[in-house]
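Report on one structure; see the data block that follows.
The values are calculated or read from the model by the stated rules, or taken from the named source; none is laboratory data. Note that the coordinates shown come from a computational prediction; the quantities given were computed from them, not determined experimentally. In this analysis, Cβ positions are derived from the backbone assuming ideal geometry, glycine residues included, and neighbour counts consider all displayed protein chains. Only protein heavy atoms, including side chains, enter the accessible area calculation; ligands, DNA and RNA are left aside. Shrake-Rupley method; radii C 1.70, N 1.55, O 1.52, S 1.80 Å.
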Amino acid sequence: MTTVTLPTATAPVLPLPGRYAVAPDRSLVELTTWYGPLPTLRRRVTLTDASLTVPDALTDPGELPALRFEFAGLDQADGTPATHVALTTLTSDTVELLDGGRKLQVTGDLNLRGVRFPALLRFRVVERADDRLLVVGTARLPYRLLRRATGFRPGRLPRPATRLRLLVAAEFA
C-alpha cells in the first residue's frame, strides 16, 4: 500500500486587486495604556476612514499593498470632543504576509500632531474572500518615546504608562 500526497489548494491571501474601505459600523479601535503588567486607561477611538489598496500583480509587479487608517479622538488630552480634534493617520510602508497568509505585519508611520512616529502593527486574518478581508491586530508603542516626540497624552489626567496598545479590528469590503 502506498501513500499519495495530494496538492492542497492555496487560498488567496489578500482580496482581488482594487481599493477596499471599511464601513463605520464594521470596525473597532481601542487605546489602552499599560504600566508594566497593569492597564491604567482603556478607551474607544473613532475610526473615521480606513482603506486597503491591493495592486494588480500583472500591471504593477513591484508595488506593495497599502493600508491607511484615520483616527479621531486618539489625541484628546485636553478633553475636547472628538469632532474638534485633528485626525491622526497611520499609513503603511510595507505589508508582509506571515504564517502562510494567516498574519500580516504592517510597518508604517503614525502621524500624530504633525510628527511621523514609526509603528508596527501585527494583524491576524480572521476571514478572507475575493472581495473582503477581516483583520484584528495591535500596535504596541513605547509611551515615553511617543510623548517626547509628539507631546501625546492619552487622557486629561496624568496616568502612569510605559506603553500604549492600539487595538484595531476592521472589515475591508
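State which residue is most open to solvent (accessible area, probe 1.4 Å) when the search covers only the range 137-160 and only residues that are within 19 Å of VAL29 (Cβ to Cβ) and not in a loop (DSSP other than H, G, I, E, B).
If we take residues in the range 137-160 being within 19 Å of VAL29 (Cβ to Cβ) and not in a loop (DSSP other than H, G, I, E, B), then ARG140 is most open to solvent (accessible area, probe 1.4 Å).
Quick check on the range 131-160: of everything there that is free of Cβ contacts under 8 Å to residues at least 40 places away in the same chain and among the basic types (Lys, Arg), which residue is farthest from ARG43 (Cα to Cα)?
ARG148
Every residue, every condition in (1) modelled with pLDDT under 90; (2) part of a strand (DSSP E or B); (3) open to solvent by 60 Å² or more (accessible area, probe 1.4 Å); (4) more than 30 Å from TYR143 (Cα to Cα), yes or no:
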| site | (1), (2), (3), (4) |
| --- | --- |
| LEU14 | yes, no, no, yes |
| ARG26 | yes, yes, yes, no |
| TRP34 | no, yes, no, no |
| PHE69 | no, yes, no, no |
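Given the options ARG128, ARG163, name the one that is farther than 19 Å from VAL45 by Cβ, surrounded by 16 or more Cβ atoms within 10 Å (Cβ to Cβ) and not hydrophobic (A, V, I, L, M, F, W, C).
ARG128
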